[in-house]
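Report on the following structure.
Where a number appears in this text, it was derived from the coordinates with a stated rule and is not lab data. What you see is a predicted model; the values in this text were computed from it and never measured. Every residue, glycine among them, receives a Cβ derived from its backbone with ideal geometry; neighbour counts consider all protein chains shown.
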Amino acid sequence: MADTYNQTIRKVAAGAVVTTLAGVGGMAGYSDTAPALFDFPAGLATDAAGNVYVGDAVNSAVREITPAGTVSTPAKGLPIMSPNGVAVDEGGNVYVADVRGNSILKVAMALPARSLARGTRDPTTGTARWPHSAIRGRSRSTPQARCTWQIPATT
């Protein structure tokens with residue numbers, strides 16, 4: 001779980017035993033080397049291999065924590081402003097809710113290029129809109145097309 005105000009990622013094991021997976025309690029910052037530092041970790045998800053992906057909101061980064069506890073920033077340099085929500089699909093793609101960028105981002109973490117596609121929500125229908133290239137798995141920007149993934153409309 002993201003212990004946001006303590007700048008740490010916690011693991012809750014059987015018997016409600018809580019340990020710190022990454023981060024230093026109360027110390028905000030940015031570092032992938034030990035001890036890794038976070039600044040407002042706001043959302044996380046795990047993939048099938050046990051890697052944890054963290055939206056590090058103030059650092060504008062998506063961070064990865066391996067099962068061994070190694071922290072890295074695999075999507076460095078991508079235009080992510082404030083990642084808060086994170087989800088992972090069965091293909092290893094990481095979806096990030098970028099609240100300051102007002103968009104949902106798809107980051108293909110399994111690819112060496114760490115490609116990025118930015119989608120937006122149609123305010124009328126609530127349907128997500130992705131570039132054609134995102135639907136085909138490429139990173140080049142082309143005109144928008146509708147896809148079937150739905151985002152609930154806000155009330």
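Worth a mention:
- Each peptide in 12-20, 54-62, 81-89 was scored by the mean count of other Cβ atoms within 10 Å over its residues; highest first, the order is 54-62, 81-89, 12-20.
- In this structure, the amide hydrogen of Leu21, modeled 1.01 Å from its nitrogen in the peptide plane, lies closer than 5 angstrom to those of Ile9, Arg10, Lys11, counting only residues at least 5 positions away or on a different chain.
- Of the chymotrypsin sites (Phe, Trp or Tyr not before Pro) in the range 1-85, those whose Cβ has at most 16 other Cβ within 10 Å and which sit in DSSP loop: Tyr30
- Stretch gain in nm, segment Ser72-Ala87, where the contour uses 0.36 nm per residue and the Cα spacing is subtracted: 3.7 nm
- Each Cα pair under 8 Å and six or more residues apart adds its sequence gap; the mean of these over the residue count of the range 2-80 is a relative contact order of 22 percent.
- For Ala61, residues with placed amide H under 5 Å, excluding near neighbours: Asp56
- Averaging Cα coordinates gives a centre for the range 67-88 and one for the range 4-48; these two points are 13 Å apart.
- Between Val58 and Ala34, the simple label model (points 7 Å from Cα in the Cβ direction) yields a spacing of 2.5 nm.
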